[in-house]
Amino acid sequence: GRVGAGWPLLTFATVRGMTTADGDDHRRLRSLVSKAFTARRVEQLRPGIEELTVRLLDGLAAAAEEGGGVADLRRHFALPLPMGVIGQLLGVGTEHLDALHHLSNRIVATDLAPEQVVTANRDLVSLLARIAADRAERPGDDLTGALIAARDEGGDRLSQEELIGTLLLMIVAGHETTLNLITNAVRALCGHRDQLDLVREGKASWTDAVEETLRWDAPVSYFPFRYPVTDLTVDGTVIPKGTPVLAGYSAAGRDTAVHGPDADRFDVTRPGRHGAVRHLSLGHGAHYCLGAPLARLEATIALERLFTRFPDLDLALPERQLPRHTGFVGNSVRALPVRL
C-alpha cells in the first residue's frame, strides 16, 4: 500500500511468478515449466526454428524490396522469430501475438505515465486470462495446457494468479530478451566487420558471436529489484535484509577486473578469464534464465542464416543515429534499418 498505482516498476516487483518467488515457491513454479526448456527438448525445436527463420528471411527481402532496399530488421526478423517460437511453445494463436508483444513491451517500460502503466497491466492480464480460458476449453499439448492442468489439479501446485504471472513471464522473457539479443548481435557484427570475417573464416563460431554480444551489449541492462532475504556481505559491503538491489548486467559485462583492460572491445575470440563466467546476462544461481538454451539456439540460427543469405547486409544508418529504447531495463534500439 505504500507504492502508488501506476509505478513504472510495479510489474517487476509484484508479479506472482518465478522472478519474485524464493526457496520452495521458486522451485515449485520453476519445476512446472522446466521440462519445456531442457537441452533435449530445445534441440527438438531446431527444425521448426530453422524453417521459420527461412520464411522470415524471405519476408525481410520482400520488405527491403518494398522499402527501396532498406528494411527494419528488428520488426521483420528479430521480433517475429522468438515471438513465433514462444507462441508455439505456449499454444498461443498467431492472432494474439502482436497484442502480446505490444502490451508486454509496455509493462516492462520504465518511461510511461502512471495511467499508461495501469492500463497496460490491466489489458495484458485480461488478455492472458482470456487465452488461458480458451486453452482450458480446448486443451492442447503445450505449456499453457500443462500449467492449466497443474492449476486444476487442486492442492498448492499453482494458483490462478500464479498461472497468469507465469504466462506473463514466459511471454516477456521468451521474446523481448531474444529480440534484443539478435538486434544487438547484428549491430555489433555490422559495426565490427573484422569480427564478422573471423566467424565467416571459421576462426570463431556463431555461438562465440552470441556469447560475446551477451557480454558486450546485454539484452537487459538492469533488473529491478532483488531483495536479500538475510543480511548479505558482498565484497566487504553489508547489504541489509530487504534492501532493494538493482542488478546491472551491462556493467558486469564490461568489468575490467574480470574481462581485462580491453573489456569495452567486441571480440568474438575472447577467451574466458581466470575461470570466471563469460557474462551474467542470463542471470546466475537459482534464478539462472530457464530459457537460456532456447535463446542461444534461436540467436545462433538467426545470425548464421541471416549473414549466409545476405552476406553484404549492413546498417542503413550510422550507429549513433539509431533510435534507442528510452527505458532503462531493456537495452537495444527501437528499430534497425538495414540494407541487404
May I ask you to order 314-327, 139-152 by the average number of other C-beta atoms within 10 Å around their residues, highest value first?
-> 139-152, 314-327
Rounding to the nearest 20 debye, state how big the charge dipole of the chain is about its Cα centre with +1 on each Lys and Arg Cβ and -1 on each Asp and Glu Cβ.
-> 400
A student applying the Cα gyration tensor rule (rounded when a/c is under 1.5; otherwise prolate if a/b is larger than b/c, oblate if not) would label the range 12-65 oblate
Ignoring everything but the protein chains, give the 1.4 Å probe accessible area of Ile301 in square angstrom, nearest 10.
-> 10
Per GNM of the chain with C-alpha springs under 10 angstrom, the most fluctuating residue out of Arg130, Arg305, Arg106 is Arg130
With a sphere of radius 12 Å drawn around the Cβ of Leu336, what net charge do the other residues whose Cβ falls strictly inside it have (Lys, Arg +1; Asp, Glu -1)?
-> +3
If you average 1/r over every pair of different alpha-carbon atoms in the range 140-257 and take one over that average, what Kirkwood value in Å do you get?
-> 17.9
For the range 243-340, the charge dipole (Cβ of Lys, Arg +1; Cβ of Asp, Glu -1; about the Cα centre) points to a positive end, and the Cα of Ile301, Val329, His259 closest to that extreme belongs to Val329
Relative contact order (percent, whole number), the range 55-161, Cα cutoff 8 Å, 6+ residue spacing | 20
Computed over the Cα atoms of the range 226-340, the Rg and Dmax in Å are 18.2, 54
Does the range 44-173 come out rounded, prolate or oblate, given a ≥ b ≥ c as the square roots of the eigenvalues of its C-alpha gyration tensor, rounded meaning a/c under 1.5 and, failing that, prolate meaning a/b above b/c?
-> oblate
Taking Cα pairs under 8 Å and at least six residues apart, what relative contact order does the chain come out at, in percent?
-> 24
Can you tell me the Rg and the Dmax, both Å, for the Cα atoms in the range 171-224?
-> 12.1, 40
Rank Ser221, Ser34, Ser104 by mean-square fluctuation in a GNM of the chain with C-alpha springs under 10 angstrom and give only the top-ranked residue.
-> Ser34
Roughly how much of Thr230 is accessible, in Å² to the nearest 10, using a 1.4 Å probe?
-> 80
The value for the chain (convex hull of the alpha-carbon atoms, volume per residue, Å³) is 155
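The values are calculated or read from the model by the stated rules, or taken from the named source; none is laboratory data. Just so it is clear, the model here is predicted, and its values are computed rather than measured. Glycine also receives a Cβ, built like all others from the backbone with ideal geometry; neighbour counts cover every protein chain displayed. To get the accessible areas, we keep the full protein, side chains included, count just its heavy atoms, and leave off ligands, DNA and RNA. Shrake-Rupley method; radii C 1.70, N 1.55, O 1.52, S 1.80 Å.
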